[in-house]
1. With the requirement that a residue be open to solvent by 10 Å² or more (accessible area, probe 1.4 Å) and in a loop (DSSP other than H, G, I, E, B), what does segment 515-538 give you?
2. Among the residues of segment 143-173, what is the count of those that are under 22 Å from Asn561 (Cα atoms) and acidic (Asp, Glu)?
3. Just name the residue that is least open to solvent (accessible area, probe 1.4 Å) out of those in segment 303-345 that are within 18 Å of Val357 (Cα to Cα) and not in a strand (DSSP E or B).
4. Answer yes if at least one residue in segment 391-399 is within 30 Å of Leu254 (Cβ to Cβ), of a type in the set (Ser, Thr, Tyr) and in contact with a strand residue (DSSP E or B) (Cβ under 7 Å, 6 or more places away or on another chain), and no otherwise.
5. For residues in segment 188-200 being over 17 Å from Asn220 (Cβ atoms) and not hydroxyl-bearing (Ser, Thr, Tyr), which is surrounded by the fewest Cβ atoms within 10 Å (Cβ to Cβ)?
6. Give me a count of the residues in segment 346-363 that are farther than 20 Å from Tyr250 by Cβ, open to solvent by 10 Å² or more (accessible area, probe 1.4 Å) and not in a loop (DSSP other than H, G, I, E, B).
7. Name the single residue that is nearest to Asp643 (Cα to Cα) among those in segment 447-473 being open to solvent by 40 Å² or more (accessible area, probe 1.4 Å) and either of a type in the set (Ser, Thr, Tyr) or assigned to a strand (DSSP E or B) (or both).
Amino acid sequence: MNVLPYIAQNGVHHKVFGGKGSHNAMWDFAISPQGRIYLSLCSELIESSYARLYEYLPEQDAFDLLFRVEDVILPADRTIRHSKIHTSLSFLPNGHLLMSTHTTDKAPAHPCWLPEGYYAHTWEGFSGSHLIEYDPETRTAHTLGIPVPFESIYGGIYVAETNRFYFLGYFRGHLYSYGLEDRQVKDYGQVTEYGCFRLHRGPDGKLYWSSRSGYLARLNPVTDQVEQLSLRFRHSKNGTYSNMIMRMDYAVNLPDGRMLMAPILTDGMYLLDTKTDTMTELGSYGEEYLPEDPTRRYSAPFCLALDREGVLWYILESNYENGGTSTLLMRWDFRNGGKPEPLGTLGTPETRMVAGVSEAHIYDDVLYIADTNHANDMPGVFSIDLRQFRPHCQERSVMPTDPYLDSSTEQYREMDRILAAFSAFNEQNPVAVQCKRWNAWDLWRVMKPEQSAVRQVKLLPDGTVCGRCGGEGAAYDFTAGPDGVHIKPVAETEGEVCTSEKWPLGETLQALAVPGRQYKAVVTATAPLSGGRWIVGTGDGVMGIVSGDGAVYRLGRACPNGPIRALSSGADGSVAYGVGGDESDLGMILRYTDGKGLEELGSLRFNMDVGYTVGADEFEGAALRCPGIHMSSQPCCLDVSEDGKTVAVGVADRMGTVYLLQF
């Protein structure tokens with residue numbers, strides 16, 4: 001690895017939590033209007049630990065423990081842990097702090113962190129994030145409750161004008177708000193595929209975020225409406241990484257009313273003029289100014305902060321083939337035509353290199369950076385008094401010797417083993433549908449997302465999918481295929497896109513009842529099978545087979561909650577597929593064959609890092625390109641090809657999408 005020496009040490013201070021502990025991360029770091037510094041101590045993938053809230057006292061150079069999350073929320077011991085307070089610390093008008101818990105650590109009995117696999121597990125899953133209010137004067141904290149059961153809040157922000165806390169869900173990608181006065185939760189629907197945390201209040205007072213795939217959106221707190229922007233960050237030249245994640249992780253407001261954004265794993269930073277909704281690429285964040293190193297896989301900007309002179313300070317983290325990581329302090333006076341300047345490796349010779357991937361703030365001309373995820377080491381707070389540092393910022397100290405630069409060092413092999421075991425376990429226990437090929441078409445990208453929820457799909461022999469979508473009193477017919485998506489408005493009363501013979505819906509079959517809920521054993525979906533049989537599903541998620549003489553063979557419960565929403569079978573009736581699940585679950589794709597019985601195939605959760613093309617000999621001439629990130633939680637309709645090997649699935653999520661799965 002070819003790295004730079006440490007930055008000049010003028011005005012530099014590094015306070016690290018001492019020793020080894022059960023907390024290796026700091027994913028909330030905020031400074032109050034009065035200058036008090038608060039931070040969360042988090043556990044990420046290493047132990048079954050709960051988060052803590054601390055205050056950093058610069059005068060004493062000490063950390064003051066304010067509360068332990070488990071003392072506030074009274075969790076059940078078998079459950080997945082509330083291991084973080086993540087990007088949500090907000091300051092209320094009364095001086096209190098408001099924050100939300102998040103999970104990235106396992107239940108005690110689990111081999112690793114398995115939140116999606118246990119999403120609907122009552123006793124060992126994640127209960128759902130708590131909102132916690134803390135009073136600094138009385139040093140007391142209390143929970144406001146769980147606003148969204150089973151969902152983990154990945155990031156949030158308080159808006160005083162509406163007295164509401166707005167937040168993003170990790171697993172299902174929904175935007176929510178909670179009113180501190182009316183105590184009501186509002187669900188705005190899916191606004192990202194999943195896993196986006198940054199809600200940034202722009203210079204126009206609106207809340208901005210991006211989807212994980214890099215599409216910008218915002219919420220107007222005045223109208224309480226989500227506004228989808230026709231803007232997307234450009235893919236990186238190294239598409240392997242930007243296909244996985246292009247979300248906006250950092251943003252700062254500029255004095256001229258524009259907003260500077262840093263999407264992760266792309267090639268540059270962007271400027272957004274919120275008055276005209278025009279976005280321009282500011283340019284590269286400076287990777288080309290680093291020392292040449294063929295082993296560097298990628299670099300990404302983190303921890304943006306703007307000083308009183310309008311100069312941007314940030315961290316540039318690079319990842320290398322040996323698994324090592326380096327972090328550089330960068331300075332960019334772009335408003336005066338300057339270029340990104342690498343000032344040296346961030347850290348001190350007496351402590352270590354800073355692993356800065358969380359937050360940074362400037363208060364009273366002091367730059368504060370959260371030092372987090374330095375393998376299994378305890379986090380710290382790194383500060384630079386810019387008044388002392390600026391005159392020496394082009395100078396450098398000694399070369400770093402931090403073993404973190406090389407993950408093969410014995411000190412960091414433990415974290416490698418943890419991550420490798422985590423990855424291997426998830427490959428062997430996938431949550432997502434496993435199929436030979438897949439493709440997806442996003443209707444929400446070519447029309448208003450609120451009108452893109454899919455209602456019906458029909459798979460044509462050439463691999464094209466047609467169907468109907470709609471919402472807000474409007475309906476549209478669509479076709480999706482190799483040449484993209486085509487939309488046509490239609491009247492609500494026009495005939496269905498696809499019709500087929502149906503066994504009578506609405507009949508109650510007590511043989512498929514769940515004890516205590518017999519009233520829900522109502523048939524909600526059917527499809528014909530061979531031999532004059534029908535496969536049926538109920539409103540309580542139970543499936544069975546009805547023979548020609550009316551006898552019912554119970555297959556069992558096919559999904560943990562909610563109804564079986566649709567069933568479809570191949571031409572010879574030898575295989576049937578289905579979709580089911582509660583509208584607040586992750587959704588389930590199902591399959592039945594006489595040989596294997598009923599199978600739960602998994603959820604629609606695709607986060608592919610490479611593309612592929614299916615040739616004519618494999619899929620009847622339909623050329624498919626893997627488009628990257630697609631995740632949906634409300635599969636509602638499907639259609640199976642005549643040979644029973646390909647399935648088209650439509651989803652009712654706000655981000656309407658059509659999937660094509662080849663088995």
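1. Matches in segment 515-538: Pro515, Gly516, Arg517, Leu529, Arg533.
2. The qualifying residues number 1.
3. Within segment 303-345, the match that is least open to solvent (accessible area, probe 1.4 Å) is Gly324.
4. So far as segment 391-399 goes, no, none of its residues is within 30 Å of Leu254 (Cβ to Cβ), of a type in the set (Ser, Thr, Tyr) and in contact with a strand residue (DSSP E or B) (Cβ under 7 Å, 6 or more places away or on another chain).
5. Gly195
6. Residues in segment 346-363 being farther than 20 Å from Tyr250 by Cβ, open to solvent by 10 Å² or more (accessible area, probe 1.4 Å) and not in a loop (DSSP other than H, G, I, E, B): 0 in total.
7. Lys458
Let's see how each residue does on (1) open to solvent by 20 Å² or more (accessible area, probe 1.4 Å); (2) closer than 13 Å to Val12 by Cα; (3) more than 28 Å from the chain's Cα centre (by Cα):
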residue: Asp365; (1), (2), (3): no, yes, yes
residue: His374; (1), (2), (3): no, no, no
residue: Ile384; (1), (2), (3): no, yes, yes
residue: Tyr404; (1), (2), (3): yes, no, no
residue: Glu414; (1), (2), (3): yes, no, no
residue: Glu427; (1), (2), (3): yes, no, no
residue: Pro430; (1), (2), (3): yes, no, no
residue: Gln434; (1), (2), (3): yes, no, no
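The values are calculated or read from the model by the stated rules, or taken from the named source; none is laboratory data. Just so it is clear, the model here is predicted, and its values are computed rather than measured. Heads up, the Cβs are rebuilt from the backbone with ideal geometry, glycines too, and the neighbour counts pull from every protein chain shown. Accessible surface is based on the protein model in full, side chains and every heavy atom, while ligands, DNA and RNA are left aside. Shrake-Rupley method; radii C 1.70, N 1.55, O 1.52, S 1.80 Å.
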